[in-house]
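Report on one structure; see the data block that follows.
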Amino acid sequence: MRLAALPLTLLTACSLLALACNDDGAADAGSGSADTTGDGDGDGDPSESGETNSTGDGDGDGDGDPGDGDGDGDGDGDGDPSTGDGDGDEGGCQPNPEVCEPDLVCDVISGECVDPDAPCSLAGEPVACGNFDCGPGSVCNDQGACIPVAPCSTVTCEGDQCWGDACVCDRPIPCNTASEADLNGPFATDIFDLEFADDCTAWMVTLRSGTDYVRRMTTDATLTQWDGVANLNMGEVKVLKALNPQYPAAPLVGDIQSPAGPPMTDGGDMLGEVAITYTCCPTCGCFVDPPQGVARLIEGAMVPLPIVLPGMPTQGVNGPFGNNAGDAGPMGLTWGDDLRLYVGNSQANGNFDTADLDMQTQEFLTMFDSRVTAAAPLTSVHLLIALDTGELLRFNTALNEATPVMDFEVGVTTLSHDSFSGLVYASLSDLSIVAVDPFSAEVTDFGVMPALGRVTVSPDGKLWWVPAKLVIGNMPLSTWDLPASF
């Protein structure tokens, strides 16, 4: 069992989008609320699903009074903990996980008491959140409500107990990227950052002398290129993506909705939007007004990469790349689940701003103690932010408050969120790659980069290494396979 937002145990052996793993009368993870009582037959009748207060042992013997299930008419149930919910209650062990025997845990996917290493199970201790307790698959929004976190995409609450719903057991593979050979062709010339959209389209930015470029490669290896503004450098590229498992794609309650068609780049409210940073070190001679900032891609426009958040020249002293051009200007670009762009160092080292593309407004949020180097979205209100000291902070966009997570004591070149596991993969200036649980602060070693660069997660279950070619020279992109299940 690994610790995540809560201690997690989630393994394969269930359907891809699991609402419940067993037909034992446990509550259906995707259902609504009801006060239905059990019928004593243990057949998992859909009318008994949802947030229920029903009784009955669900053992299929039909030997008890309706709603009782144990045959003694007392409504208590006599279920065997080793076979399911631990107390015979047809609603399973939720919302009362303490009914499980000491050597068992309450699985929120099936609603049963299971072994800690049971396949397709998600378990852990709840975390207090105002008047509620946020169980596995959910985290506190720091304002008294439980919100979903990968691998779950909704939350169910009964009384003061909440837990994740619509959780996946196996990594969704909705698409495949272009081949490694194709992506290592002209697409990767002078590459400095790489990001994949939910449809496996690859996006990159260059960092080079002269005009920089944004390039796109679709899954069939079709390459498109856009020129940047004048001789401004580029630093990062970020695509608006879903934060929770999205296969099969479906609208989410209280979350971004998956678009009906292919990703678009001409609006402020669609998955697939692309943004980049324009950068320039103060001594690099970039004479443009505004001199740098954040741009969005608008295909077909006369100016396809207009600046939407202007910035001033800033320079890192102890940056993770050890390079004036690589450690300059705005860094830590990310999309929030609120459809806003967030970025650090746009006006001064350590400042953190946001841009609302629909309202065309820019807002200062906070000032950190040192320069921002990377950021990634986590939930509908949380971002993970890295500072050049190696510190990681969990930032709440609704409250403008930062919570320390941990300190690597080395520079962070990238943070890449895995929408399946909820982990964030961090690439460090000492070349190590680690997987970070941003809510428990558990860190697991993952691998070592061939040389200085960045990493990024692709929807087909790979972690890509992206060489910082301006710094290390011409090396090829490479990949590692990510875990296919828990």
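Throughout, read-outs are computed from the coordinates displayed, never taken from laboratory work. No experiment lies behind these values; they were computed from the predicted model shown. A quick note on method: Cβ atoms are made from the backbone with ideal geometry, for glycine too, and the neighbour counts reach across all protein chains shown.
Taking loop as defined by DSSP and a crowding limit of 14 other beta carbons within 10 Å, which GluC sites (Glu not before Pro) in the range 105-184 fit?
Values: sites: Glu112, Glu158, Glu180; in loops: none.
Counting only loop positions with at most 14 other Cβ atoms within 10 Å, none of the GluC sites (Glu not before Pro) in the range 105-184 qualifies.
For labels at Asn400 and Val443 in the simple 7 Å Cα→Cβ model, what's the distance in nm?
So the label points at Asn400 and Val443 sit 3.0 nm apart.
Where in the range 324-419 are there GluC sites (Glu not before Pro) that are in a DSSP coil and have at most 13 other Cβ atoms within 10 angstrom of their Cβ?
Working: sites: Glu363, Glu391, Glu401, Glu409; in loops: Glu409.
Taking the range 324-419 and a limit of 13 other Cβ atoms within 10 Å, the loop GluC sites (Glu not before Pro) found are Glu409.
For the residues Leu423, Leu399, Leu365, what sequence is obtained by ranking on other C-beta atoms within 10 Å, fewest first?
On the way: Leu423 25, Leu399 11, Leu365 15.
Lowest to highest Cβ neighbour count: Leu399, Leu365, Leu423.
Counting Lys +1, Arg +1, Asp -1, Glu -1, what net charge surrounds Leu477 among other residues with beta carbon under 14 Å of its beta carbon? Please report the intermediate quantities before stating the final value.
Details: positive: Arg215, Arg454, Lys462, Lys469; negative: Glu180, Asp182, Asp190, Asp193, Glu195.
Result for the local shell: -1.
Mind checking the full-extension length gain between Leu431 and Glu125? Use 0.36 nm per residue of separation minus the Cα-Cα distance, one decimal, nm. Spell out each step's value before the answer.
Values: separation 306, 0.36 × 306 = 110.16 nm, distance 3.41 nm.
106.8 nm is the gain from fully extending Leu431 to Glu125.
Quick one: order Met449, Met331 by neighbouring beta-carbon count within 10 Å, fewest to most. Let's see the in-between values first.
On the way: Met449 22, Met331 29.
So the ranking, lowest neighbour count to highest, is Met449, Met331.
Calculate the spin-label point distance for Ser209 paired with Phe364, positioning each point 7 Å from the Cα along the beta-carbon direction, and give it in nanometres.
3.7 nm
Would you please give the FRET efficiency between Asp117 and Ala221, computed as 1/(1 + (r/R0)^6) with r the Cβ-Cβ distance and R0 = 56 Å, to the nearest 0.05? Walk me through the numbers before you get to the answer.
On the way: r = 42 Å, r/R0 = 0.74.
Approximately 0.85, to the nearest 0.05.
Kindly put Trp163, Trp465, Trp480 in sequence by how many other C-beta atoms sit within 10 Å of each C-beta, fewest to most.
In increasing order of surrounding Cβ atoms, one gets Trp480, Trp465, Trp163.
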